[in-house]
Every structure is written in C-alpha cells, then in structure tokens.
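First the structure, in the form of structure tokens, and then the observations on it.
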Amino acid sequence: MTRYIFRRFGHRNVLVGVESFPSGVYDPFFDIMLHDVFARLKQEASVAVNNHWHFATPCSSFSLLQNLNGGTRPKQRPQGDGSLDRENIGNELLRRSLVLIRLLAKGSNTWSLENPGTSYLFHMPSVKQLTSRVSVDVAILDQCMFGLRFQGAPRSTRIRKYTRVVGNIDLSSLGLRCNRKHDYDQVIGSILTKAGWQQRSALAAVYPLAFCRSLELAARRSH
C-alpha cells in the first residue's frame with residue numbers, strides 16, 4: 001500500500017516495505033527478528049544516502065488495551081515486568097527500530113516513527129531520549145482528518161485513530177486534530193468484509209492516502 005502510494009505521488013525508487021507477513025503470508029526475508037535480516041537492514045541503513053525510512057513499529061503489545069488482557073506495562077514501567085513473551089518481543093522490535101534510526105541519522109537521511117497516540121512505546125526511556133533531541137519533531141493527529149474509514153463506509157463516517165508521529169523532519173503538516181464534522185466507526189471488534197470477518201483494528205492500521213501523501217511531502221521537503 002505505502003509503496004504504491006509513494007510511487008503514485010512521484011517517487012520511483014521506493015523500496016519494498018519490511019513486513020514479515022505481507023498480505024498475511026509469512027516471508028522470512030522481511031522478518032526483522034531474524035539475525036540475517038536485521039544485519040542486512042543495518043548494512044543498508046549504514047550506507048544509505050538521502051533516504052527516508054518510515055517505521056511503524058508493531059504496537060499491539062504497547063497498546064493500552066493490553067491492560068485488559070493481562071498486560072504488565074504501566075507508565076511507570078512501560079517495558080513491562082519481563083514475564084510476557086509478547087511484551088519482550090515488542091521491546092526487541094522497538095530496540096531494533098531505534099538501532100536503524102541511529103544508523104540513518106549518522107548519514108544524510110531522515111526517518112519517522114509512528115504509533116497510536118496512547119501507545120506505551122512513547123513512554124519507553126529510549127524513545128523519550130530520542131524525542132528530547134532538538135532535531136526531532138512530533139506530530140499529534142487524528143487520522144479521520146486524513147480520511148481514514150473502513151472500505152465501503154460512507155465518506156462522512158470515519159475512524160478517528162489518535163496517532164503520534166516523531167521524526168527528524170518538519171511534521172507540522174501532519175498535526176491535524178479532529179474537527180468533529182463527521183461520524184465515527186468503532187475500532188474494537190470485527191467487521192464483515194469481502195474477505196470474511198476481520199478485526200477492525202487490523203483494517204484501521206492501513207494508512208489513508210492523504211496521510212501518506214503528507215508524510216511523503218514532508219520527507220521530500222527535507223531533502
């Protein structure tokens with residue numbers, strides 16, 4: 001989706017996204033938790049020049065809703081107590097994302113990192129340290145303002161999805177909060193689609209076109 005959008009708006013050298021389950025099928029070539037894959041990405045980040053990498057680190061274990069499912073991440077201990085595999089994996093995914101960000105920042109590259117606005121990811125000490133830098137900008141937004149909605153839903157019915165993006169680019173154009181001029185769909189639960197029943201939260205994870213365009217233009221202005 002993101003690759004298609006960026007090419008549509010003018011970029012011809014967009015790399016394939018790194019996702020271990022593209023189209024729902026596991027592909028070990030893009031599993032960042034594998035040593036060889038992570039080593040390859042570190043090498044690419046080390047030699048990158050005038051690149052922009054966008055990180056949407058998996059947020060499931062950092063979600064506030066995990067507190068209803070036995071989660072152990074309070075604000076005072078956002079890393080959890082170490083007893084849950086899903087939280088330990090989430091911590092490692094974030095650590096690897098930050099390693100790549102640091103490598104990119106050493107060169108003439110830009111980066112951005114996105115998660116839900118309430119994500120415990122933003123309370124992690126490593127992320128707090130990152131966002132305290134003068135060169136890092138923060139955007140708080142509601143994705144309904146970029147047209148986020150379920151496929152087939154009326155244009156007037158949108159998904160609010162409170163979101164936070166940080167990066168070493170000017171993100172001011174992304175900081176749009178809901179103007180309350182539309183109706184809302186719930187993100188919790190399931191919805192019937194042409195592909196069968198699917199989790200609403202998974203469908204809402206797909207960026208709307210307007211958000212991708214704004215992010216792409218912000219990155220382009222920084223190069």
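The values are calculated or read from the model by the stated rules, or taken from the named source; none is laboratory data. Because the structure is predicted, anything quoted here is derived from the model rather than measured. Every residue, glycine among them, receives a Cβ derived from its backbone with ideal geometry; neighbour counts consider all protein chains shown. Note: areas computed on protein heavy atoms with side chains; ligands, DNA, RNA excluded. Shrake-Rupley method; radii C 1.70, N 1.55, O 1.52, S 1.80 Å.
Summing +1 for each Lys or Arg and -1 for each Asp or Glu, what net charge is found among the other residues whose Cβ lies under 13 Å from the Cβ of Ile32? Before the final figure, lay out each step's value.
Values: positive: Arg40, Lys42, Arg95, Arg96; negative: Glu19, Asp27, Asp31, Asp36, Glu44, Glu92.
Net charge in that neighbourhood comes out at -2.
What does the charge count near Leu171 come to, summing +1 for each Lys or Arg and -1 for each Asp or Glu among other residues with Cβ under 12 Å from its Cβ? Here the charged neighbours net out to -1.
Say R0 is 35 Å: what FRET efficiency, to the nearest 0.05, do Val25 and Ser132 get from their beta-carbon distance? Efficiency at R0 = 35 Å is approximately 0.35. Which of the residue pairs Lys106/Lys128; Lys75/Lys128; Lys42/Lys75 have a Cα-Cα distance greater than 22 Å in the structure shown? Those over the limit are Lys42/Lys75. By a 1.4 Å probe calculation restricted to protein chains, Asp185 has an accessible surface near 50 Å², given to the nearest 10.
Hydrophobic long helices, here whole DSSP H runs in the chain with Kyte-Doolittle means of at least -1.0 and Cα atoms spread over 30 Å or more along the helix axis, are found at 85-106.
How would Phe30, Phe21 line up by accessible area, probe 1.4 Å, largest first? Walk me through the numbers on the way to the answer.
Numbers: Phe30 40, Phe21 110 Å².
From most accessible down to least: Phe21, Phe30.
Computed over protein heavy atoms with a 1.4 Å probe, the carbon and sulfur contribution to the accessible area of the chain reaches 54%. For region 100-223, the Cβ-based charge dipole about the Cα centre amounts to some 100 debye (Lys, Arg positive; Asp, Glu negative; other atoms uncharged). For the chain, a simple Cβ point-charge model (Lys and Arg +1, Asp and Glu -1, everything else neutral) yields a dipole of about 700 debye relative to the Cα centre. Amide hydrogen proximity for Thr57: with H placed 1.01 Å from N in the peptide plane, the residues at 5 or more positions away or on another chain lying under 5 Å are Glu114. Binning the alpha carbon pair distances of the chain at 10 angstrom intervals from zero yields the distribution 7, 30, 40, 20, 3, expressed in whole percent. Computed over the alpha carbons of region 118-223, Rg followed by Dmax gives 15.5, 47 Å.
For the chain, the solvent-accessible area with a 1.4 angstrom probe is 57 square angstrom per residue.
Distance between the C-alpha centres of region 51-79 and region 91-169: 12 Å, rounded to the whole angstrom.
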